[in-house]
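Taking it in order: structure first as C-alpha cells, then the write-up.
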Amino acid sequence: MTLLPIQVLGQPILRQETVPVAQVTPTIRALVEQMFETMHAANGIGLAAPQVGRTERLAVVEIEGARYVLLNPEVIAASTETAKAEEGCLSIPEVFADVERPVSVTVRAMDLDGQTVEIPASDLLARCFQHEIDHLHGKLFIDHLGMFKRRQVLAKWERLKGDYPTGVRTLTPGEDAARSAKG
Ligand code: ZN
C-alpha cells in the first residue's frame, strides 16, 4: 500500500490548472490505485490529483462503496435548483463550511477503459463531483464562501496550519479523520 502525502492549503499546486490525461497508461492506473488508498486512509470521499502533488486532470470519488474514476471530467449540465451543505477538504483539515451548489449535475469524463462516460449525479455525489472538478482547476471550496465566512475559516486555518510545517499531511493506515464528506 502506498499512501501519498496530501498537499495542504498554501501549497501552490492546489491553485494550478491541471493537464488533461491523453491516455490511460500504467502510470495513471497506479496513481488511481494509490489515490484510492490515500483517500481511504484519510476517510475521504473524494481526492483530486493536485491534492497529492500531481498535475494530471484526474480525481477519484467513492461514496457508499461506489467508485468513480474521473479523467478529464467536466460538468455538462447542472440543475438550477441549488442546496447548501457542509463541506470539508482533505487539503484543509478540520475546516468546514456550508457551500451552495447545484443539487444535480451530469459529469462527462473518460474512464479507465479510455471510454467517454456521462454520469448523472445528485445530492452528495453531485456535490463531491463538483468539489473535485473544482480542484482540477485550482479552485477550493472556500472560494465559494462569502467574504465574511471565508475570512473566518482562513483565520481558523492560520491557527491550524502550523501542524503542517512542510505543507503536506502524511497519513498512516487507519488514521481516523474527524468528520464526513471530505474531499
Ligand atoms: Zn477538497
Would the stretch 142-153 turn up any residue that is surrounded by fewer than 21 Cβ atoms within 10 Å (Cβ to Cβ), among the acidic types (D, E) and under 18 Å from R15 (Cα atoms)? yes
Look at E17 and say whether it is in contact (Cβ under 8 Å) with a residue 40 or more places away in the chain, open to solvent by 50 Å² or more (accessible area, probe 1.4 Å) and more than 24 Å from A155 (Cβ to Cβ). yes
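Tell me which residues, restricted to the stretch 154-177, are farther than 16 Å from Q51 by Cα, within 15 Å of the ligand (Cβ to nearest atom) and at pLDDT below 95. Reasoning before the result, please.
Narrowing the stretch 154-177 to residues farther than 16 Å from Q51 by Cα: 154-160, 162-163, 165, 172-177.
From what is left, the residues that are within 15 Å of the ligand (Cβ to nearest atom) are 157, 177.
If the condition is that a residue be farther than 16 Å from Q51 by Cα, within 15 Å of the ligand (Cβ to nearest atom) and at pLDDT below 95, then A177 is the only one that fits.
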Per-region count, the stretch 69-89, residues within 16 Å of the ligand (Cβ to nearest atom), of a type in the set (D, E, K, R) and open to solvent by 30 Å² or more (accessible area, probe 1.4 Å): 1
Residue under question is A109, and the condition is that it be more than 11 Å from the ligand (Cβ to nearest atom), over 18 Å from R57 (Cβ atoms), of a type outside the set (V, I, T) and at pLDDT 95 or above; does it hold? no
Of the criteria (1) within 14 Å of the ligand (Cβ to nearest atom); (2) closer than 21 Å to T172 by Cβ, which one F36 fails: (1)
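Can you tell me which residue among L31, L4 is in a loop (DSSP other than H, G, I, E, B) and either surrounded by 16 or more Cβ atoms within 10 Å (Cβ to Cβ) or in contact (Cβ under 8 Å) with a residue 24 or more places away in the chain (or both)?
Numbers: L31 fails: in a loop (DSSP other than H, G, I, E, B).
It is L4.
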Answer yes or no as to whether A59 is in contact with a strand residue (DSSP E or B) (Cβ under 9 Å, 6 or more places away or on another chain) and over 24 Å from L31 (Cβ atoms). no
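Test V103 against the stated conditions and say whether it is out of contact with any Leu (no Cβ under 9 Å at 6 or more places or on another chain) and more than 16 Å from the ligand (Cβ to nearest atom).
Working: out of contact with any Leu (no Cβ under 9 Å at 6 or more places or on another chain): yes; more than 16 Å from the ligand (Cβ to nearest atom): yes.
Considered against the rule, which asks whether it is out of contact with any Leu (no Cβ under 9 Å at 6 or more places or on another chain) and more than 16 Å from the ligand (Cβ to nearest atom), V103 comes out as yes.
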For the structure I just gave you, tell me whether E118 is open to solvent by 60 Å² or more (accessible area, probe 1.4 Å) and within 21 Å of V8 (Cβ to Cβ). no
Which of the residues that make up the stretch 36-68 are assigned to a strand (DSSP E or B), crowded, with 23+ Cβ neighbours inside 10 Å and among the β-branched types (V, I, T)? V60, V61
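The values are calculated or read from the model by the stated rules, or taken from the named source; none is laboratory data. Small disclaimer: the values here were computed from a predicted structure and weren't measured. Note that each Cβ is placed from the backbone with ideal geometry, even for glycine, and that neighbours are counted across all protein chains shown. For accessibility, only protein heavy atoms count, side chains too; no ligands or nucleic acids. Shrake-Rupley method; radii C 1.70, N 1.55, O 1.52, S 1.80 Å.
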